[in-house]
Amino acid sequence: MTLPTIVLVHGAFADGSGFQPVIEQLVAAGYPVVVAPNPLRGLSYDAAQVRALLASIPGPIVLVGHSYGGAVISAAATENVQALVYLAAFVPETGESVQQLVERFPGSTVGQSLKPVPLADGQVDLYIDPRVFHPNFAGDLPAGQAALLALTQRPATGAALGEPASGPQAWHSIPTYHLISGADRIIPPAAQEFMAERSGATVTVVDGASHLVFVSHPAAAVALIEKAVAENVQE
């Protein structure tokens, strides 16, 4: 069997380096892996950038998104994408923003965690305040590791988080898989369950996991990715 390329798309307040434990396991299993740079500037802009990268990759793809990256992959998927894997991720319907989805269910700490930085063009960059990054974003990671991730996080614009999804959403036509983080303080588990059920996803729940479930439980993320491969990618 020719293994598909696994394309990983990070979310807001993170970067591609957070996928390191997942990448190590995928590469060891023989998968080609691409970590897509997510600009975090605007949903339609970010999706266009990821879509261009996907178009350069030959053969089948399994597309993986974390958090805001889930909204990006829902809009970016190309015809060679065989499955979508959402890791504690947003799965919007056309017309919905990630901000609307996170506010739909109680329990998120994201609003009180944000540290805004005004930009010269009138936009605002949003960070997770490093003082609350560990308890609110990465509660099941060691404090030292969470502190490092807080320092290396990349901001998203307020416009990106507030921009409604536009155009057809790929989860309507591509099989979906959702890893739900059971103790998530950014996207409440109830919100993740709602989006997973709506998209008809195959679901794995990691009890006690924070929003960075793929960092704290990389084997669970890899197992779900490999399930998506086994069920959708033909020899």
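The values are calculated or read from the model by the stated rules, or taken from the named source; none is laboratory data. These numbers come from a predicted model, not from an experiment. Quick reminder, even Gly has a Cβ in these numbers, built from the backbone with ideal geometry, and neighbours come from all protein chains shown. Surface areas here come from the heavy atoms of the whole protein model, side chains and all, with no ligands, DNA or RNA. Shrake-Rupley method; radii C 1.70, N 1.55, O 1.52, S 1.80 Å.
Side notes on the structure shown:
- Projected over every direction and averaged, the convex hull enclosing the alpha-carbon atoms of region 69-197 yields 8.7 nm².
- Rounded to 5, percent antiparallel among DSSP beta bridges of region 40-168: 55 percent
- ³J(HN,Hα), Karplus 6.51/-1.76/1.60, whole Hz, each residue of region 78-91, x for Gly, Pro: 9, 5, 8, 7, 8, 7, 10, 10, 10, 10, 6, 10, 7, 10
- Using every pair of separate Cα atoms, the Kirkwood estimate puts the hydrodynamic radius of region 88-139 at 12.7 angstrom.
- Cubic angstrom per residue, convex hull over Cα atoms of region 1-113: 110 Å³
- Model label sites at residue 227 and residue 194, defined 7 Å from Cα along the beta-carbon direction, differ in position by 2.3 nm.
- Under-5 Å amide H pairs with residue 185, H placed in peptide plane, nonlocal only: 211
- For the chain, share of DSSP beta bridges that run antiparallel, in % to the nearest 5: 25 percent
- Accessible area per residue in Å² at 1.4 Å probe, computed on the chain: 40 Å²
- Correct choice for Rg/Rh (Cα atoms, Kirkwood Rh) that was computed from the model, options [x] 0.94; [y] 1.19; [z] 1.03: [x]
- Relative to the dominant Cα principal axis of the chain, helix 218-232 is inclined by about 40°.
- In degrees, nearest ten, helix 143-152 long axis to first principal axis of the chain (Cα): 90 degrees
- Cα-centre dipole for the chain with unit charges at Cβ (Lys and Arg positive, Asp and Glu negative), debye to 20: 280 debye
- Extended-chain gain in nm, criterion 0.36 nm per residue less alpha-carbon gap, residue 79 and residue 117: 9.9 nm
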